[in-house]
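What follows is one structure encoded as structure tokens, with my remarks underneath.
The values are calculated or read from the model by the stated rules, or taken from the named source; none is laboratory data. Since the model is a prediction, treat every value here as computed from it, not as a measurement. Neighbour counts run over all protein chains shown; Cβ positions are idealised from the backbone, glycine included.
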Amino acid sequence: MARKYKQIHRKEIDFDIKDWEKIEHRAAACHTDTTKYLRNIILNTEPNFYDMKEIAPLLNGMRIISTNINQIAKKTNETNNIYAADVEKLREECESLFHTLNLCVSMLRSIKA
């Protein structure tokens, strides 16, 4: 004997007010209700996955810079003085990080295209 009702699985998702308003606006633009809109987006949109190994140098650079910034802030607060060498080192590491970031973004763009 066949089941009278189809089996379903419910999942609750929380959205903040701004995100929910955005979803409602997009659903209205498609002339559908939010439930149908979300179901359609979830089931019919392919996810984009990226190899995060390429971002590891970026994260490492961010850790180094944040450590240096904390050390500079601590010294500055203790002595009410900042050293030009510390600022220059921070500038060089920022430039290196920005270069790595630009490389990662360009790689991700080429993968997505």
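Just a few scattered comments:
- Of the residues contained in segment 103-111, one or more are found to be without any contact (Cβ under 8 Å) to a residue 40 or more places away in the chain and among the hydroxyl-bearing types (Ser, Thr, Tyr).
- Among the residues making up segment 70-86, a single one is loosely packed, with under 12 Cβ neighbours inside 10 Å and under 30 Å from Lys53 (Cα atoms): Asn70.
- Failed item in (1) out of contact with any helix residue (DSSP H, G or I) (no Cβ under 9 Å at 6 or more places or on another chain); (2) closer than 30 Å to Cys94 by Cβ; (3) loosely packed, with under 11 Cβ neighbours inside 10 Å, with Asn48 passing the rest: (1)
- Cβ separations smaller than 8 Å between residues 6+ apart or across chains give the following pairs from segment 53-65 residues that are in the same structural domain as Glu95 (by TED's automatic domain parsing) to residues that are in a helix (DSSP H, G or I) and acidic (Asp, Glu): Gly61/Glu93; Ile64/Glu93; Ile65/Glu93.
- With respect to the conditions (1) surrounded by fewer than 13 Cβ atoms within 10 Å (Cβ to Cβ); (2) at pLDDT 80 or above; (3) within 30 Å of Glu21 (Cβ to Cβ); (4) of a type in the set (S, T, N, Q), Thr67 falls short on a single one, namely (3).
- Hey, Leu90 at pLDDT below 75 and out of contact with any Leu (no Cβ under 9 Å at 6 or more places or on another chain) or not: no
Residues are listed down the side, and each one gets a yes or a no for (1) exposed (fewer than 10 other Cβ atoms within 10 Å of the Cβ); (2) assigned by TED's automatic domain parsing to the domain that holds Met107; (3) within 30 Å of Ser110 (Cβ to Cβ); (4) touching a Leu at 6+ places or on another chain (Cβ under 7 Å):
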| position | (1), (2), (3), (4) |
| --- | --- |
| Trp20 | no, no, no, no |
| Glu24 | no, no, no, no |
| Ala29 | yes, no, no, no |
| Asp33 | no, no, no, no |
| Lys36 | no, no, no, no |
| Ile41 | no, no, yes, no |
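- Test: residue in segment 83-91 that is within 20 Å of the chain's Cα centre (by Cα) and over 30 Å from Ile23 (Cα atoms): no
- Filter result (of a type in the set (A, V, I, L, M, F, W, C) and out of contact with any helix residue (DSSP H, G or I) (no Cβ under 6 Å at 6 or more places or on another chain)) within segment 75-106: Ala84, Ala85, Val87, Cys94, Phe98, Leu103, Val105
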